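K.L.:
Following this message is one structure expressed as structure tokens.
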């Protein structure tokens, strides 16, 4: 399928590569230059402008947040201004319900189709084409994208004809991941302080009571105190929580646990944890604090 792909961060670059490997004709665009080199070697084409990536049947966006996507899609020279009538814009970013609704309306007015297809999975899953995709929009449009989704993930879940539903489902799922990370962190901190082997404890938990992939992945990272290298940066985790709280407020749904997790992220970011993985919010805060102290000491030494 003739496809444009906008956004070549760690997730986007891996996803675009899988599309090329699957035989799709892919034209890629990234705001900052230099990220397309490996994709060009695989056989992708590089677009100099967003408009050049929109001369296709489907354009996929995989961007960091609402601001980046709104600029790429709604601004002059963006996706909506250049995508032909009947073509499909697939947004695979985690974005707000409000922006998803705005894009749905804007594409409809332009005679285009909009599918929201955010994903569950970290960069390693994107590389292995093992993402879980939550797709919503006109079912005919979702079905037309099936070959693309099959190249990107291990399973696609068509959830609704309303694109914003996919974004709300993804934000709600992220809430459960956030809660699992915090609970794991507190439990691991408790046994660790008592002198019990943290890794052995996680192995026990994930072999018996909590066998999900999320518990296994995040439990191991927390037990090892691994906040870096970053697969999903703390500011992105904070952004997801903020978006979920915004939607909860508009629907008048109280979310006390989400509010606690939001404060945890704010504290992490206030202490300089912007470059750390979002697992730094629970027990691995101890390692993060040590890193921050080292940075401050290094900073102070420069002026002594």
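All of the numbers you see were taken from the coordinates with simple rules; none came from a lab. The model shown is predicted, which means the values in this text are computed figures rather than measured ones.
K.L.:
Which value in deg cm²/dmol, rounded to the nearest 500, describes the helix-derived mean residue ellipticity at 222 nm for the chain, given -39,500 (n - 2.57) per DSSP H run of n ≥ 4 and division by the residue count?
P.N.:
-17000 deg cm²/dmol
K.L.:
Here's a follow-up. Roughly how tilted is helix 213-224, in degrees to the nearest 10 and between 0 and 90, from the longest Cα axis of the chain?
P.N.:
Around 40 degrees separate the two axes.
K.L.:
Taking the Cα centroid of region 161-220 and of region 98-116, what is the distance between the two, rounded to the nearest whole Å?
P.N.:
Taking the Cα centre of each part, region 161-220 and region 98-116 sit 34 Å apart.
K.L.:
Quick one: work out the % antiparallel among DSSP beta bridges in region 2-161, nearest 5.
P.N.:
Values: 3 of 28 bridges.
The antiparallel fraction comes to roughly 10 percent.
K.L.:
Okay, moving on. Take every Cα pair under 8 Å in region 2-161 that's 6+ residues apart, average their separations, divide by the length, and report that relative contact order as a whole percent.
P.N.:
Computed over region 2-161, the figure is 20 percent.
K.L.:
Relative contact order (percent) for the chain, with alpha-carbon contacts under 8 angstrom and 6 or more residues of separation?
P.N.:
Over the chain, the number comes to 13 percent.
K.L.:
With angles folded into 0 to 90 degrees, how steeply does helix 163-193 sit against the dominant principal axis of the chain? Use alpha carbons for both and round to 10.
P.N.:
20 degrees
K.L.:
Short version: what are the Cα gyration tensor semi-axes of region 8-93, square root of 5 times each eigenvalue, largest first, in whole Å?
P.N.:
The answer is 19, 15, 12 Å, longest axis first.
K.L.:
May I pose another question? Need one number: % antiparallel among DSSP beta bridges in the chain, to the nearest 5.
P.N.:
Within the chain, antiparallel bridges account for around 15 percent of the total.
K.L.:
Quick check: the angle from helix 285-301's long axis to the longest principal axis of the chain, C-alpha only, nearest 10 degrees?
P.N.:
That helix lies at roughly 90 degrees to the long axis.
K.L.:
Can you tell me the convex hull volume per residue for the chain, based on C-alpha atoms, in Å³ to the nearest whole number?
P.N.:
154 Å³
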